[in-house]
Amino acid sequence: MLTYKAPIADIKFLLEDVFNYYDHYKKYEEFEEATPDLVDAILQECAKFCENELLPLYQSGDKEGCHYDNGKVTTPKGFKAAYQQYIDGGWSSLSHSLEYGGQGLPPSLGMVQSELTGTANWSWAMYPGLSHGAMNTITTHGNDKQKELYLTRLIQGTWTGTMCLTEAQCGTDLGQVTTKAEPNGDGTYNITGTKIFISAGDHDLTDNIIHIVLARLPDAPKGTRGISLFIVPKIKTDQDGTLGEANNVTCGSIEDKMGIKASATAVINFDNAVGTLIGPENKGLECMFTFMNTARIGTALQGVCAAELAFQNSLIYAKERLSMRSLTGKKYPDQVADPIIVHPDVRKMLMTQKVISEGGRAMIYYTAKIVDDISMAKTEAERQAADDRLGFITPILKAFLTELGTESANHGLQIFGGHGYIKEWGMEQIVRDVRISTLYEGTTGIQALDLLGRKILMTRGKSLNDFSKEVLGFCKNKSLISSNPHKRQMNRFIWPLGKAIANWQQYSIRLALKAKSNRDIVGSASVDFLMYSGYIVMAYFWAQMAQSAYEKLAGDVENRDFYRAKIKSAEFYFERMLPRTKSLAKTMMTDPKSIMQLDQELMSFL
C-alpha cells in the first residue's frame, strides 16, 4: 500500500526562506491574519486530513471506480464521507472572499492545500478542485445576483462546479462549439447540446452541481468570436438557494479511463436547460480563460503531486529492497545483498524524482504569489501587469511539470521493478493517473504553441525579456556583489544560469527570424522550446533554493542536514538536468524539412 507524509519542512522552507511569503502577505491588509502560526496550524491539520482520510481511499477508489446507473453517478466507498469532513473542516472556504462566506485567506495558501490533497488522492481532489475554477470565473465575471446565489454555496462546498467546454467534434478548437443558447426573454436562456470529458460532471457528493458552459447565441459570429458563457445548474434553484425541479441536465455516461478512475469524467447532456449569461455576449472564451488558467495551474500541480508521491514510495522501497552488491564493495555485509539505493542508476532515478518534485513545488509557489497579486490588484494596470507575468509562465508550468511528473512516476515504477507493475504496490496507478495531465487543459503541444507563438513571437519577446531581467537581477545580487558571503559557492549555479538566460533570449530571436520564412518552424520547435524553457525556469528556482540554504547554514539553525541536502540537490539539477537543454537547443533549431517532407501517403505501405 502507498504511503504519504506531507512534506511540511520543504513547504515551510519555500514559504519562509525562499519566497518570503509573510512579507508578501503584509503588503495586503486583507491577508493580515495569514501569520506564521496560523499557516503552520493549517498545514498540520491539512496534513492529518490528507494522510489519515484521503490517502487510504486512493487505491481503493481506483479499484472500485465510479458507478453509473441510469444517469446517476455514485463515487467510490468513503469518498462522500471524506468530502463531508472536508466541508466540516472549512477547507472549501479557506482562500475565498469573506463577503460570500469564505475565510479570506490568500489564494496561495489554497494552492498549498491543493497540493496536499492532490498528492494524497488526486481523483478525490478533483471534485472540490473543479469548483475553484468556477468560483474564480463567477467572482471575476458574475453579477451580484449570481455571486450571491452561486458563489456562497460553492464556497461553502454544499454545491460543486464544473467547466463544460469540449464537444465530440472539437477538443482544443473551441471555435467548433455547437451548443446553442436560446433567449427566453426574461434574462434566462435555454441551453441545448452535449459536452464530453467533463471532470466531476456528475456525482453524489452534493445536492447540486453548477456547470459553466460555452454555447452560441442565435446569429452569433462564427468561430471563437461567437461563443458566450453561461451558468447552468443541474437543479433549478430559487434566489435563496432552495432547490427546485431538475433542470434538464443529465449525465449520459461516464468514461472508462486509463486512470483517475475514482473521478467521474462525464458526458453531460443539456436539453433546454435554463441558464444565465455570465459576462458579455460573444465574449465567453475570454471569460473562460479565468477558469482555464486556474485549471492549467492546477494541472501543473498534478505533475508535482505525482512526482512527490512516486518519490516518497520509491525511496522507501529502494532502502529496503536487497539486490546485488555495490560496485565499490559491500555496503551492508551482514545482509545477503545491498539495498538497491546503493546502485548509481537507482540513485540517479531517485535524485531525478527529488529535484522534479521539489523544483516543481518551487515553481508552483512562485506562481501562487502572482495569483495573490492579481486577486488583490487595486488598478487595472496592476492586474494586467500581474496577469501578463502569469500568462507567460502558465504554459511552461502546465506542460513542463506534467511531462516531468510523468517521468518521475515512470522512474518510480522502474525502481520497483516487477513489483511496480503489480497493482497492490500502487506505482502503476500513479503512472496511469498522471498520464492524463499532459493531455487535459490543453496538450503539451497546445501549451507549447501558446508559449512560442503567442507569448514569445506575437509579443516580440516582451514577457521573456521581463522574466529574464528578474532572473539576471537575482544573478547579479547573489554573485557579483563582493559582500555576498556565499559568492564563491553560488557561482557554480549563477554562471550557468546567466548563460542559459542569454542563450534562451538568443534562440528566441533566431526562431522568430526563421519563422518569417517558414511558419512550420513554430510547430516543429515549439515543444522542444517549451521543455528547454522549463529546465531554465526550474534552474532559477534551484539556484534560489541553494542561496537560501547557504544563508540558513551561515546562522545558528537546527536540522542543518536539510539545508545541506538542498545544496547537493541543486548540484545534481545543474549537473544532470539542466544539460538537457543542449540537445533540446539542437533539435528546436533544426529545419522542419525532415518532419514534413515525407508525403502522408508514404508513411506506411500496409
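The values are calculated or read from the model by the stated rules, or taken from the named source; none is laboratory data. None of the values given here were measured: they were computed from a predicted structure. All Cβ positions, glycine included, derive from the backbone under ideal geometry; neighbour counts span all protein chains shown. These accessible areas exclude ligands, DNA and RNA; they are computed on the full protein's heavy atoms, side chains included. Shrake-Rupley method; radii C 1.70, N 1.55, O 1.52, S 1.80 Å.
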Only helices (runs of 4 or more DSSP H) wholly contained in the stretch 337-451 count here; list those with 1 or more residues that are closer than 24 Å to Met163 by Cα and modelled with pLDDT under 95. 344-376, 380-416
Scan Lys499, Lys582, Lys568, Lys516 and give me the residue that is in a helix (DSSP H, G or I), among the charged types (D, E, K, R) and under 24 Å from Phe13 (Cα atoms). Lys568
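Among the residues of the stretch 215-226, are any within 16 Å of Ile268 (Cα to Cα), touching a residue at least 24 places away in the same chain (Cβ under 8 Å) and in contact with a strand residue (DSSP E or B) (Cβ under 6 Å, 6 or more places away or on another chain)? First the steps, then the outcome.
The initial filter retains those residues of the stretch 215-226 that are within 16 Å of Ile268 (Cα to Cα), namely 215.
Filter once more, keeping what is touching a residue at least 24 places away in the same chain (Cβ under 8 Å): 215.
Subset that is in contact with a strand residue (DSSP E or B) (Cβ under 6 Å, 6 or more places away or on another chain): 215.
Yes, the stretch 215-226 has at least one match.
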Pairs please, first residue from the stretch 528-549 and under 11 Å from Met577 (Cβ atoms), second anywhere and in a helix (DSSP H, G or I) and among the polar types (S, T, N, Q), Cβ atoms under 6 Å, 6+ apart in sequence or on different chains. Tyr535/Thr581
With respect to Gly241, determine if the residue is modelled with pLDDT under 95, over 29 Å from the mean Cα position of the chain (by Cα) and either among the aromatic types (Phe, Trp, Tyr) or within 24 Å of Thr158 (Cα to Cα) (or both). yes
Which of the helices (runs of 4 or more DSSP H) found entirely inside the stretch 52-121 contain at least 2 residues meeting this: among the hydrophobic types (A, V, I, L, M, F, W, C) and in contact (Cβ under 8 Å) with a residue 24 or more places away in the chain? 79-88, 107-120
Criterion violated by Ile297 - all others in (1) assigned to a helix (DSSP H, G or I); (2) modelled with pLDDT of 95 or more satisfied: (2)
Candidates Asp338, Asp372 - the one that is touching a Pro at 6+ places or on another chain (Cβ under 8 Å) and either farther than 22 Å from Thr140 by Cα or among the acidic types (Asp, Glu) (or both): Asp372
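Limited to the stretch 24-51, what total is found for residues that are open to solvent by 80 Å² or more (accessible area, probe 1.4 Å) and in a helix (DSSP H, G or I)? Please lay out each step first, then the result.
As a first pass, look at the stretch 24-51 and keep what is open to solvent by 80 Å² or more (accessible area, probe 1.4 Å): 26-27, 29-30, 32-33, 37, 45, 48.
Still in the running and in a helix (DSSP H, G or I): 26, 29-30, 37, 45, 48.
Qualifying residue count for the region: 6.
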Which one is farthest from Val249 (Cα to Cα) among residues in the stretch 167-193 that are in a strand (DSSP E or B) and of a type in the set (S, T, N, Q)? Thr188
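Does Glu551 qualify as being modelled with pLDDT of 95 or more, assigned to a helix (DSSP H, G or I), acidic (Asp, Glu) and over 25 Å from Thr587 (Cβ atoms)? If you could, list the steps in order and put the result at the bottom.
Working: modelled with pLDDT of 95 or more: no; assigned to a helix (DSSP H, G or I): yes; acidic (Asp, Glu): yes; over 25 Å from Thr587 (Cβ atoms): yes.
Answer is no for this residue.
Go through the stretch 194-233 and give me each residue that's charged (D, E, K, R) and farther than 19 Å from His67 by Cβ.
Filtering the stretch 194-233 down to residues charged (D, E, K, R) leaves 195, 202, 204, 207, 216, 219, 222, 225.
Lys195, Arg216, Asp219, Lys222, Arg225, listed by residue number.
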Just checking, how many residues over the stretch 506-535 are crowded, with 22+ Cβ neighbours inside 10 Å and of a type in the set (Val, Ile, Thr)? 2
In the stretch 285-309, residue nearest to Thr188 (Cα to Cα) [restricted to those that are of a type in the set (Ser, Thr, Tyr) and open to solvent by 30 Å² or more (accessible area, probe 1.4 Å)]: Thr290
Among the residues of the stretch 488-505, the number that are among the aliphatic types (A, V, I, L, M) and surrounded by fewer than 16 Cβ atoms within 10 Å (Cβ to Cβ) is 1
Residue, farthest from Leu98 (Cα to Cα), within the stretch 144-165, restricted to residues that are open to solvent by 30 Å² or more (accessible area, probe 1.4 Å) and within 29 Å of the chain's Cα centre (by Cα): Thr158
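Could you identify the single residue in Arg361, Arg383, Arg325 that is over 27 Å from Phe562 (Cα atoms) and either within 22 Å of the chain's Cα centre (by Cα) or open to solvent by less than 30 Å² (accessible area, probe 1.4 Å) (or both)? Give the steps one after another, and end with the answer.
Numbers: Arg361 fails: over 27 Å from Phe562 (Cα atoms); Arg325 fails: either within 22 Å of the chain's Cα centre (by Cα) or open to solvent by less than 30 Å² (accessible area, probe 1.4 Å) (or both).
Result of the check over Arg361, Arg383, Arg325: Arg383.
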Boolean, Ile254 is at pLDDT 95 or above and either closer than 30 Å to Lys63 by Cα or open to solvent by 20 Å² or more (accessible area, probe 1.4 Å) (or both): yes
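Could you check the stretch 452-473 and list, in sequence order, the residues that are part of a helix (DSSP H, G or I) and either open to solvent by 50 Å² or more (accessible area, probe 1.4 Å) or aromatic (Phe, Trp, Tyr) (or both)?
Initially, the stretch 452-473 is screened for residues part of a helix (DSSP H, G or I), giving 452-457, 462-473.
Matches in the stretch 452-473: Arg454, Lys462, Asn465, Asp466, Phe467, Lys469, Glu470, Leu472.
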Just wondering, is there one or more residues in the stretch 318-335 that are within 24 Å of Ala120 (Cα to Cα) and aliphatic (A, V, I, L, M)? yes
For the stretch 455-474, state whether one or more residues are aromatic (Phe, Trp, Tyr) and either farther than 14 Å from Tyr540 by Cα or free of Cβ contacts under 8 Å to residues at least 40 places away in the same chain (or both). no
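So in the stretch 562-601, with the set limited to residues that are of a type in the set (Val, Ile, Thr) and open to solvent by 50 Å² or more (accessible area, probe 1.4 Å), which one is farthest from Asp528 (Cα to Cα)?
Of the residues in the stretch 562-601, the ones of a type in the set (Val, Ile, Thr) are 567, 581, 587, 590, 595.
Then drop every residue that is not open to solvent by 50 Å² or more (accessible area, probe 1.4 Å), which leaves 587, 590, 595.
Details: Thr587: 7, Thr590: 11, Ile595: 14 Å.
Only one residue fits best here, namely Ile595.
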I need a count of the residues in the stretch 258-284 that are touching a Gly at 6+ places or on another chain (Cβ under 9 Å), closer than 25 Å to Ile430 by Cα and either surrounded by fewer than 21 Cβ atoms within 10 Å (Cβ to Cβ) or modelled with pLDDT under 95 (or both). 1
